[in-house]
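A short write-up of the structure that comes next.
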Amino acid sequence: MTPSKKILLKAEELHHSFAEGVRKNRVIKGVSLQVEAGETTAVVGPSGCGKSTLLYLLGLLDRPENGRIFLHDSDVTQSSDKTKTQLRNQSIGFIFQFHFLIKELTAIENVSLPLRKSGLNAEDSKEKSMLVLQKLGMESKANRSANKLSGGEQQRVAIARAIVNSPSLILADEPTGNLDSENSHKVFDLLQELAERDNLGVLIVTHNTDLALKTDNLIRMQDGLIIRA
Amino acid sequence: MKFLNLELAWKYVLGRKRAMTMSLFGIVLGIAFFVITQAQTSGFEAFFIRTILGTNGAIRISDSFQDMHGTVRMSSKDGKTKFLFNSREGARYTEGVENPALLRSALSQFSEISGISEILEGKATLAGSSRSQNIEIHGIVPSAHMMVSDIENQIIQGQLKIFELEPMSILLGNRIAHRLMLQTGERVTLKGGTGNIQLRIAGIFETGVSQIDKNRAYIHLSTAKAFLGKRFSGSIFQLSMFNPEKAPEISAQIQEATSHRVISWQEREQVWLDVFKALRISSAITVSSILLLSGLGIFNVFAIMVIEKTRDIAILRSIGFKPSDVSAVFLWQGGIVLFIGIILGCLVAIFSTYVISSIPLRIRGIFSTDSFVVNWDPSHYLWAVLIAIIFVSIASWIPARRAAKIEPAKIIRETL
């Protein structure tokens, strides 16, 4: 009998809508799910089905209208902005489709940001960031300006930034959406490796069904609802 | 973490060199122009004040008067009773100081007064060898007058010492001497008063005030009294003060205490002082507009930057930056540009003020100078810096506030 895995993130009956003029567009209509440590979970579905919105709700970047979110067994739905900001810095790592690096900074400076923000000094942050970049095979590009890296390289730096603060949960929104097939597979494999090796919970929103099939759990969404998990 | 927001701001500033340089240029120019114009206008004003204090003193006490301000008095004469309303304008004046010794004793009670000079003024005709001219004679005691004026430094020919030692000598304004073609050591005749007297020219002075230089001559007080036939009264008092700024207040006190007409230098020269004040304010307003424009420039740069950097702001928020951190990154950018602008602006101002002070410029009329007069006053720098801080702070604060309000989820959703 295998021991039950630790639940990192749990969502219960989430509802969310956006105002469109005078009427409300309900994009999440009662979604419940959970992410466990050491597992990768993919959320797939057509455009506009609410998967990215779900990700931002789970990542505490947005507040759901109804429902509850538990992070490490604590209800964080109504937590203060200060607490949520702290959780985003220390427990959650984000990866976005367009990598979203700060172009005025070098690769290593981008990676160091969450560490610096959590209070680590510049020197130690750089040292730790370099170790993460080494793991991702990016040490030779560490001091290169972010906008001088290729798309694949930029996404690796973005992944490095997401994991550098040792979060327990990685939320990735179309992490391969801007990459060619080879790089897409590399990034996906990397996320799976991180989940297994570092016991992270990884939740990936993607259009790419082939890649999604490689994850431990697959969730299909349509019209703001989970239709199959 | 301590300086992370500042470091990020610095990187953003470096990332927009051209726009930031233009904003910086505006601040530097604004501060420099503000200081330069203030240094000039207040420089000329300060020089004018020094000149008038050096010629006519801080306070002048002239006629004595009998009536007090705004009082109703009853007077009885030849059996008739009169009710009189008296104000200063309606007061009955007696020419000159009535009892100089008594007044001098009263003035000694005022600790702010640093010098007292009794002067007897009168009119006369000065005759040289070939021409003559009507002049105003001022009878003075040289040692006392030196305490209330800058006469020592105004002598451009001859010596004050000779004048001091020789009671039958005269000091002439340089324009009188020029017009009558007179030199020191020559003898002149003073006509009028009780008759004619012969005097030797001990020196020629130049105050820079043309009205004085072309009309005034100094002779000894005792000589003037004899010449004008006013042995016991009719003189005026010129006072100097340790702090001339207090002259209006002390004048009012003296007037109240001595019943003499007392005029401070501020009241006497009010027209010119108002002109300088208007010039100074007008130039400050004009030059402040440069700082306002550079503030608008910074606002424009930052407003565009907030729009361009919404994705960066979303990233920063997603990795744990608070709205106040995001706001601080933008405020620091304004702070960096402002700080460099202040340093460079002040340096440019110091250098330019120095260069301007050496530009030749001959002015005669209300004062005498052969170059631009500037005033090295730290308050000009403080005002320029303060105005720059206000404009740049507002210009940075509005976009910074907007940046802090950006909802990261909305931005990321809209970007995808």
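Give the residues of segment A:58-80 that are within 20 Å of B:I315 (Cα to Cα) and in contact with a helix residue (DSSP H, G or I) (Cβ under 8 Å, 6 or more places away or on another chain), sorted by residue number. If you could, list the steps in order and put the result at the bottom.
First pass over segment A:58-80, keeping only residues within 20 Å of B:I315 (Cα to Cα): A:58-63, A:80.
Of everything in segment A:58-80, those that are within 20 Å of B:I315 (Cα to Cα) and in contact with a helix residue (DSSP H, G or I) (Cβ under 8 Å, 6 or more places away or on another chain) turn out to be A:G59, A:L60, A:L61, A:D62, A:R63.
Before we move on, is A:G152 at positive phi and either of a type outside the set (S, T, Y) or within 10 Å of chain B (Cβ to nearest Cβ) (or both)? Spell out how you get there, then give the answer.
Working: at positive phi: no; either of a type outside the set (S, T, Y) or within 10 Å of chain B (Cβ to nearest Cβ) (or both): yes.
Spelling it out, it is not the case that A:G152 is at positive phi and either of a type outside the set (S, T, Y) or within 10 Å of chain B (Cβ to nearest Cβ) (or both).
Residue by residue, here is whether (1) small (G, A, S); (2) in contact (Cβ under 8 Å) with a residue 40 or more places away in the chain; (3) surrounded by fewer than 20 Cβ atoms within 10 Å (Cβ to Cβ) holds:
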position	(1), (2), (3)
B:Q270	no, no, yes
B:L273	no, yes, yes
B:F276	no, yes, yes
B:S289	yes, no, yes
B:F299	no, yes, no
B:M305	no, yes, no
B:K309	no, yes, no
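Could you list all residues from segment B:149-173 that are of a type outside the set (A, V, I, L, M) and surrounded by fewer than 19 Cβ atoms within 10 Å (Cβ to Cβ)? Outline the logic, then answer.
Taking segment B:149-173 and keeping what is of a type outside the set (A, V, I, L, M), we get B:149-150, B:152-154, B:157-159, B:161, B:163-164, B:166-167, B:169, B:173.
Within segment B:149-173, B:D150, B:E152, B:N153, B:Q157, B:Q159, B:K161, B:E164, B:E166, B:P167 meet the criteria.
Please determine whether any residue of segment B:370-381 is assigned to a helix (DSSP H, G or I), out of contact with any strand residue (DSSP E or B) (no Cβ under 6 Å at 6 or more places or on another chain) and loosely packed, with under 15 Cβ neighbours inside 10 Å.
First, the residues of segment B:370-381 that are assigned to a helix (DSSP H, G or I): B:378-381.
Narrowing the set further to residues that are out of contact with any strand residue (DSSP E or B) (no Cβ under 6 Å at 6 or more places or on another chain) leaves B:378-381.
Subsequent filtering for residues that are loosely packed, with under 15 Cβ neighbours inside 10 Å retains B:378-379.
Checked segment B:370-381: at least one residue is assigned to a helix (DSSP H, G or I), out of contact with any strand residue (DSSP E or B) (no Cβ under 6 Å at 6 or more places or on another chain) and loosely packed, with under 15 Cβ neighbours inside 10 Å.
Of everything in segment A:113-126, what is charged (D, E, K, R) and at the interface with another protein chain (Cβ under 9 Å from one of its Cβ atoms)? Give them in sequence order.
Residues of segment A:113-126 charged (D, E, K, R): A:116-117, A:123-124, A:126.
Of everything in segment A:113-126, those that are charged (D, E, K, R) and at the interface with another protein chain (Cβ under 9 Å from one of its Cβ atoms) turn out to be A:R116, A:K117.
Here are the criteria: (1) basic (K, R); (2) within 8 Å of another protein chain (Cβ to nearest Cβ); (3) under 30 Å from A:E12 (Cα atoms). Tell me which single one A:R68 does not satisfy.
That leaves (2) as the condition not met.
Considering only segment A:91-112, state which residues are farther than 23 Å from A:L200 by Cα and either in contact with a His (Cβ under 8 Å, 6 or more places away or on another chain) or at the interface with another protein chain (Cβ under 9 Å from one of its Cβ atoms) (or both).
Once the filter is applied, which keeps residues that are farther than 23 Å from A:L200 by Cα and either in contact with a His (Cβ under 8 Å, 6 or more places away or on another chain) or at the interface with another protein chain (Cβ under 9 Å from one of its Cβ atoms) (or both), segment A:91-112 yields A:I102, A:K103, A:E104, A:L105, A:E109.
Could you name every one of the strands (runs of 3 or more DSSP E) located completely within segment A:167-228 that has at least 2 residues being modelled with pLDDT of 90 or more and not hydroxyl-bearing (S, T, Y)? Spell out the reasoning first.
On the way: elements: A:169-173, A:201-206, A:217-222, A:225-228.
Those strands (runs of 3 or more DSSP E) span A:169-173, A:201-206, A:217-222.
Among the candidates A:A172, A:A158, A:A142, single out the residue that is among the hydrophobic types (A, V, I, L, M, F, W, C) and farther than 26 Å from A:T85 by Cβ. Please lay out each step first, then the result.
Details: A:A172 fails: farther than 26 Å from A:T85 by Cβ; A:A158 fails: farther than 26 Å from A:T85 by Cβ.
So the residue among A:A172, A:A158, A:A142 that is among the hydrophobic types (A, V, I, L, M, F, W, C) and farther than 26 Å from A:T85 by Cβ is A:A142.
When you scan segment B:275-334, how many residues do you find that are farther than 16 Å from B:S396 by Cβ, of a type outside the set (D, E) and within 14 Å of chain A (Cβ to nearest Cβ)?
Final tally of qualifying residues: 11.
Conditions: (1) assigned to a helix (DSSP H, G or I); (2) crowded, with 22+ Cβ neighbours inside 10 Å. B:F321 meets all but one. Number of the miss?
Only one criterion in (1) assigned to a helix (DSSP H, G or I); (2) crowded, with 22+ Cβ neighbours inside 10 Å is unmet by B:F321, namely (1).
Can you tell me which condition A:C49 does not meet? The list is (1) part of a strand (DSSP E or B); (2) buried (at least 19 other Cβ atoms within 10 Å of the Cβ); (3) of a type outside the set (K, R), and all the others hold.
Going through the list (1) part of a strand (DSSP E or B); (2) buried (at least 19 other Cβ atoms within 10 Å of the Cβ); (3) of a type outside the set (K, R), A:C49 breaks only (1).
Go through segment A:71-90 and report how many residues are hydrophobic (A, V, I, L, M, F, W, C) and away from every other protein chain (no Cβ under 14 Å).
Taking segment A:71-90 as the starting set, the residues that turn out to be hydrophobic (A, V, I, L, M, F, W, C) are A:71, A:76, A:87.
Within this subset, residues satisfying the condition of being away from every other protein chain (no Cβ under 14 Å) are A:71, A:76.
The total comes to 2.
Please specify each residue of segment B:172-214 satisfying the condition of being over 20 Å from B:Q159 (Cα atoms) and assigned to a loop (DSSP other than H, G, I, E, B).
Within segment B:172-214, B:G192, B:G193, B:T194, B:G195, B:N196 qualify.
The values are calculated or read from the model by the stated rules, or taken from the named source; none is laboratory data. Just so we're clear, the structure is a prediction, and the values are computed from it rather than from any experiment. Virtual Cβ from ideal backbone geometry, glycine too; neighbours counted across all protein chains shown.
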